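Take a look at the structure below.
The values are calculated or read from the model by the stated rules, or taken from the named source; none is laboratory data. Not measured: the values here are computed from a predicted model. Cβ: placed from backbone, ideal geometry, glycine included. Neighbour counts: every protein chain shown. Each accessible area value is taken on the protein alone, full model and side chains, heavy atoms only, with ligands, DNA and RNA left out. Shrake-Rupley method; radii C 1.70, N 1.55, O 1.52, S 1.80 Å.
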Amino acid sequence: MNDHPLEIPGHLTLTAGEGGLPKILVESAFSRAEIYLHGAHVTQFQKHGEPPLLFMSAASEFAAGKPIRGGVPVIFPWFGGRDGHPAHGFARTTEWELVSTAILPSQAVQLILRLPDPDGYEVDFVVTVGDQLSMELRVTNTSEQPFTFENCLHTYFHISSISDISITGLSNTQYHDKVADLVATEGHEPIRFQGEMDRVYFNTTATTEIADPGFGRKICIAKSGSQSTVVWNPWIAKSIRMPDFGDEEFVGMVCVESGNVADDQITLPPGDRAVLAVNLSSESLFI
Ligand code: BG6
């Protein structure tokens, strides 16, 4: 691959990734990351001295028209299925353009990817790789009409074991349980996993935390511009049904997703911009 004019020697390089798809390698003073142009997909973020923050399936496809399984799929402009169209929208299977790169005063490395040829709106995805991983999905309505959409940063976290982790931050929040197909309200105990979980929590801007005693790590998911949080683990039967996911891989992952889905979808007036921002940080569980 020829040198790209936006490369930053020693910090940001464009290379051929899995399946020959273009991949951006980022090295910051604190961490390293990988981002595919395919889907504007962050597939890796790892702080120096820590296990990877993001889970990637060993069975993932890396091919035109197919979503990548793991990392941070960018879900836009719809979440879930939609009348014969691909699940979770087309953004995750589109080749995005790299439009800007920079080293910030904090020594974090920042890049901006743009969704090509949108009709009536512009979409930028800003990824900042430093001591934390920060992501912003910026949608601007450039049309004369209101624009209604869903969005989600469908983040897969790398964990030691699904049976040992717990999630806090969603107490007293109403959710749609997609497995049992019922609406319920979360209690005050941390969320733990004993089977398939697929829940959309509504009307919540709360920061959530994953406590992972096996890795001795606490992951903090802070967000803005997001009213929905989705918690997902496919467990045994669904893992077996997914062709691009290993039968046992559910043990080492959990999705905690930040976005605006279903009743929390966004209607953007002409000329307005919506910014979905997610900041992922981690620290020792034992301090
Ligand atoms: C989650 C949904 O966000 O994504 C689940 O709540 C879905 O219902 C999961 O199974 C994975 O979706 P996909 O399209 O990537 O297999």
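Some observations on this one:
- Identity of the residue in the range 216-234, of a type in the set (G, A, S) and either open to solvent by 10 Å² or more (accessible area, probe 1.4 Å) or part of a strand (DSSP E or B) (or both), that ends up farthest from the ligand (Cβ to nearest atom): G216
- For the range 181-191, the condition of being within 12 Å of the ligand (Cβ to nearest atom), surrounded by fewer than 17 Cβ atoms within 10 Å (Cβ to Cβ) and either over 25 Å from M135 (Cα atoms) or modelled with pLDDT under 95 (or both) holds for at least one residue.
- Of the residues making up the range 11-26, none is within 21 Å of E97 (Cα to Cα), within 16 Å of the ligand (Cβ to nearest atom), surrounded by fewer than 22 Cβ atoms within 10 Å (Cβ to Cβ) and not polar (S, T, N, Q).
- Taking the criterion of being within 11 Å of the ligand (Cβ to nearest atom), in contact with a His (Cβ under 9 Å, 6 or more places away or on another chain) and hydrophobic (A, V, I, L, M, F, W, C), the residues of the range 60-101 that qualify are I68, I75, F79.
- Single match in Y156, Y175 (criterion: touching a Lys or Arg at 6+ places or on another chain (Cβ under 7 Å) and crowded, with 19+ Cβ neighbours inside 10 Å): Y175
- Residue check, F202 touching a residue at least 12 places away in the same chain (Cβ under 8 Å), within 14 Å of the ligand (Cβ to nearest atom) and open to solvent by 20 Å² or more (accessible area, probe 1.4 Å): yes
- Selection over the range 122-153 of residues that are within 24 Å of A108 (Cα to Cα), touching a residue at least 40 places away in the same chain (Cβ under 8 Å) and either open to solvent by 10 Å² or more (accessible area, probe 1.4 Å) or among the acidic types (D, E) (or both) gives a count of 5.
- Of the residues making up the range 235-282, just one is in a strand (DSSP E or B), of a type in the set (D, E, K, R) and within 16 Å of the ligand (Cβ to nearest atom), namely E257.
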